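The values are calculated or read from the model by the stated rules, or taken from the named source; none is laboratory data. Note that the coordinates shown come from a computational prediction; the quantities given were computed from them, not determined experimentally. With ideal geometry, Cβ positions are generated from the backbone for all residues, glycine too; neighbour counts draw on all protein chains shown. Keep in mind that these areas ignore ligands, DNA and RNA; they rest on the heavy atoms of the full protein, side chains included. Shrake-Rupley method; radii C 1.70, N 1.55, O 1.52, S 1.80 Å.
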Amino acid sequence: MTADLVVLDFENAEVRTSDYESLKPSGWLTGEIINFYWTFLERREFRTEPCVLFLGTYTAYRISNAESATVTDNISAQLSDELNHRQLILIP
């Protein structure tokens, strides 16, 4: 069995061998690849743009699969300070 080694690491966002391998033709884009890219954009390319909010794949999943308004209301409450200060919210 091949070890699932970390091939990219940027500020605690990691891409492992299995994520990289999934990018081959007929593969798929993993949440880890998206989160890695989101982290890179947020902390490197948009670090001087406090008006942009990057939501991660876990939060996006929770919003899109919420079974009740209570779930989305809780997420909204947790993000209320962030949402009030941002002009652009990017969701994968």
Distance histogram for the chain (every C-alpha pair counted, 5 angstrom bins, percent rounded to whole numbers): 2, 12, 18, 19, 18, 13, 10, 5, 1, 0
Kindly write out, for the range 19-27 in residue order, the coupling ³J(HN,Hα) from the Karplus curve 6.51 cos²θ - 1.76 cosθ + 1.60 (θ = phi - 60°), rounded to whole Hz, with x marking Gly and Pro. 5, 4, 4, 5, 7, 5, x, 6, x
Å² per residue, accessible surface of the chain at 1.4 Å: 74
Highest average packing first - 80-89, 57-66, 33-42, Cβ atoms within 10 Å: 33-42, 57-66, 80-89
About the Cα centre of the chain, how large is the charge dipole given +1 on each Lys and Arg Cβ and -1 on each Asp and Glu Cβ? Please answer in debye to the nearest 20. 160
How large a share of the accessible area of the chain, in percent, is made up of carbon and sulfur atoms when the probe is 1.4 Å and the other protein chains stay in place? 53
